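Here, each number is a calculation from the coordinates, and none is a lab measurement. None of these values were measured; they are calculated from a predicted model. So basically every Cβ, Gly included, is an ideal-geometry build from the backbone, and we count neighbours across all protein chains shown.
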Number of protein chains: 2
Amino acid sequence: MAANKKNAFYAQSGGVTAAINSSACGLIEAARKHGIKVYAGRNGIIGALTEDLIDTSKEPIKNIAKLRHTPGGAFGSCRYKLKSLEQNRVEYERLIEVFAAHNIGYFFYNGGGDSHDTIHKISQVSETMGYPLVCIGIPKTIDNDLPFTDTCPGFGSVAKYIATSIREVGCDLISMAAPSSTVKSSTKIFVLETMGRNAGWIAAAAGLATEEAGDPPHIILFPEIPFDEEKFLIKVENCVNNHGCCAVVVSEGLQNIDGQFLSDVGCIDAFGHVQLGGVAPIIAKLIKHKLGYKYHWAVSDYLQRSARHIASKIDLKQAYALGEAALKYALQGKNNIMTIIMRQSDKPYRWTIGWVDLTDVANVEKKMPRDFITADGFHITNKCRKYLIPLIQGEDPPPFKNGLPQFVKLKNVPVRKKLKEGFTFRK
Amino acid sequence: MAANKKNAFYAQSGGVTAAINSSACGLIEAARKHGIKVYAGRNGIIGALTEDLIDTSKEPIKNIAKLRHTPGGAFGSCRYKLKSLEQNRVEYERLIEVFAAHNIGYFFYNGGGDSHDTIHKISQVSETMGYPLVCIGIPKTIDNDLPFTDTCPGFGSVAKYIATSIREVGCDLISMAAPSSTVKSSTKIFVLETMGRNAGWIAAAAGLATEEAGDPPHIILFPEIPFDEEKFLIKVENCVNNHGCCAVVVSEGLQNIDGQFLSDVGCIDAFGHVQLGGVAPIIAKLIKHKLGYKYHWAVSDYLQRSARHIASKIDLKQAYALGEAALKYALQGKNNIMTIIMRQSDKPYRWTIGWVDLTDVANVEKKMPRDFITADGFHITNKCRKYLIPLIQGEDPPPFKNGLPQFVKLKNVPVRKKLKEGFTFRK
């Protein structure tokens, strides 16, 4: 390795996915080919602030390869948003200090909207401070709400999990829904809650399970469509009358007409977002209370985003390609960009990797277009289906041993600290 | 087909599974080989009472074969328990009337403990009434609580789903659990609720995900072990201190020291059982309230029992073999029996099919032996592991098309009614 070769810093940020390690794998494998050392932040950007770096070059190459089939974030992630330069300049100075101490010339940040805002700020600060740093974002979010990229790694796998799950559970519900005239006790209603705070992409993916009219899910409740209780209950009743049962998919971010979330666990994360959960039982109990139907409900929560066993092959491939491309663009000297997927055609699905300036990305949220949702607000349109179908194609299960998927546990060898001072977080 | 050949009646009962259709497939394929027509009850035993029979001989053989990879109950199930002969003799007389009208000489009932009680009663009644009827039970219950059989079809697949899910979600949780000293907002706790009303088998299966000390799940809460809040909270706190996080699996049937369920949706099913759900958020909120840790929780509900995409290959094979053997035993003239799995050895797992007298089965519930649970009551022992491991072996995914599993929708052609009178259910 040339003595003047810069090292790279890589960190995972925010909620992890079944595909984020595939991006890490793409980046690290590409970096090794170019003789660039990748230091990963333990627990994301916190690892940079605390000088807690992981030397990925100490990790056997076969372990790095296994990242492709391991869910979660192998180096640890965190929900920690840097404050603005005015509010907490010391954090930015500390980052640059750590980077300088470890000869880091490339900063790769693998995350969602908030993370790309952070990269953009660091890029600006490094320039202001005169420290040369190539800053590149690698998209990741199951919410699929980043602009410009055709899709966000992690989303396709959640989409496949949710559509598969509702199709399976639909078979179950139909079996259990004996006519009310004979058995009062039969379950008529199933409510599945999906993630998706502000954008209904994950809930929408459930709609792919409906191939023929009447197939579950019968109703999808999107965060983009204010909840109209009366209209919803009429729809549920009609559905039970016509199909004997009603499978409902509801996004955790469902809001009423006043923009209030239907459910709120009363916990606010570091980004100031309310952490949601539990809208499925609320909807189920509403139906029971107003229409009297017996219900079941499920909340998948983390299960949906970590379900590597049913991940989308195309999603994993794209996640890898975006990580790999990040290294390529870095070597080309591109700065302050995010790698993206560019769709060339729907059928067959053709895509290439490109990039977009981070200035344009930061804090832009891509919600479901209105024409992806049916006129009545309760299902997806063919236009939406055309967009979503390519993203769930292909299966790529992890290796199984003794009946269970095998995931790698990295050694995560720490880099020797070089700075005398630790870092104290402001409370 | 000989003119004097008797027809068979088959019905699915109670909560369906990812494997019950595999038993149906085994029975129907075997019956076809012997020229015996199988009439299935639409919505289980209700179909017999209402003379709503499905002629499975009208179903293309390729559709019957597809039952092997289709979750739910293809002919419909129900939760309807016949009353005692003293309470409602008319139901039993009606059943025999319908069977006689359709030349039914074999009664196959595919269900759990309550269903085997029903078969036993019908067998007694048919004898009393002088109607010759061969009555055979085919076990099915994700709860794995039937006696004599090594395991119950449906359980192995739920076990595989739950163990896989908690292993995956464990990777996620570990990624998110940055040290509290740096980030207050990081999630430390994940609670997964499993089914299992009185027996902790499903919760126990989660324990298979723990291969090395410290692997998730860290704590399992069984219905067999009364919940000791203080001891539990100490265990959680130690776990977070030692491993940075704590993954908890809780059975829906968790009870306090007084035998009260921690959660109760306030709904009682036809068998008089309280329908549970929602203990995961209760446990999660308890931890938050007492220890202050941020949490996530999931309730899989029907998802776990319908997850055909991650079903256990051995489970599907056993389900098929039990259905197939039911026909064989019927032709041998065995009556009032349930087909069972008999384990020959653990490693390699060897098993054969046998049978047991229904008189011994009815209303006996097999709970987790105490020596399958660790001394502290919070995990499984090696003895339990040895029992469970064979049951989740092998993957046998359904065919996928367009990124999603393909399930068969049977035509379910009705048998022409022969009786003049309908049947009115008592309210």
Once the in-chain neighbours fewer than 8 apart are removed, the aspartates and glutamates whose Cα is under 12 Å from residue B:418 read B:51, B:52, B:97
Rh (Kirkwood, all Cα-Cα pairs) for chain B, Å, reads 22.5
Copies of residue B:228 compared via label points 7 Å along Cα→Cβ give distances in nm, shortest first, of 5.6
So the FRET efficiency between residue A:257 and residue A:360, C-beta based with R0 = 35 Å and rounded to 0.05, is 0.60
Looking along the axis that carries chain A onto chain B, the residue of A whose Cβ comes nearest, with distance in whole Å, is A:299, 3
Footprinting proxy, A:135, B:239: sorted fewest to most Cβ within 10 Å, the residues are B:239, A:135
One would report the Cα pair-distance distribution of segment A:105-181, bin width 10 Å, in %, as 17, 29, 20, 14, 10, 6, 3, 1
Contact order relative to length for segment B:107-200, counting C-alpha pairs under 8 Å separated by 6 or more residues, stands in percent at 22
Distances in nm between the label point of residue A:333 (7 Å along Cα→Cβ) and its equivalents in the other copies, shortest first, are 9.4
What the Cα atoms of segment A:6-121 span along the principal axes, largest first and in whole Å, is 44, 28, 20
Segment A:347-427, convex hull of Cα, quarter of hull surface, nm² -> 13.4
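Beyond 17 Å, what percent of the Cα pairs of segment B:120-163 remain?
Percentage above 17 Å: 50.
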In Å³ per residue, the alpha-carbon convex hull of segment A:360-401 encloses 169
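Over all distinct Cα pairs, what is the inverse of the mean 1/r for the protein assembly as shown, reported as the Kirkwood hydrodynamic radius in Å?
For the protein assembly as shown, inverting the mean 1/r across all distinct Cα pairs yields 28.0 Å.
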In the structure shown, of A:313/B:313; A:140/A:317; B:334/B:367; A:409/B:285; A:328/A:401, the pairs separated by more than 24 angstrom at the C-alpha atoms are B:334/B:367; A:409/B:285; A:328/A:401
Measuring from its Cα centre, the protein assembly as shown shows a charge dipole (+1 at each Lys and Arg Cβ, -1 at each Asp and Glu Cβ) which, in debye to the nearest 20, is 1880
Checked against the positive end of the charge dipole of the protein assembly as shown (+1 on Cβ of Lys and Arg, -1 on Cβ of Asp and Glu, about the Cα centre), the farthest of B:246, A:314, A:49 is A:314
Distance in nm between residue B:62 and residue A:93 label points, each 7 Å along Cα→Cβ, equals 7.4
For segment A:93-101, Karplus-derived ³J(HN,Hα) couplings (6.51, -1.76, 1.60; θ = phi - 60°; whole Hz; x for glycine and proline) come out as 5, 5, 4, 5, 4, 5, 4, 5, 4
With the dipole of chain A defined by +1 on each Lys or Arg Cβ and -1 on each Asp or Glu Cβ, the option from A:410, A:326, A:170 whose Cα lies farthest towards the positive pole is A:410
Output row for residue A:426: copy-to-copy label distances, label 7 Å along Cα→C-beta, ascending, in nanometres, one decimal, is 7.4
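Rounded to the nearest 5, what is the percent of antiparallel bridges among the DSSP beta bridges in segment B:155-300?
Roughly 15 percent of the beta bridges in segment B:155-300 run antiparallel, per DSSP.
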Excluding residues fewer than 8 positions from residue B:290 in its own chain, the lysines with Cα under 25 Å of it are A:427, B:184, B:188, B:231, B:235
Taking N as the residue count of segment A:155-300, its alpha carbon Rg divided by 2.2 N^0.38 Å gives 1.02
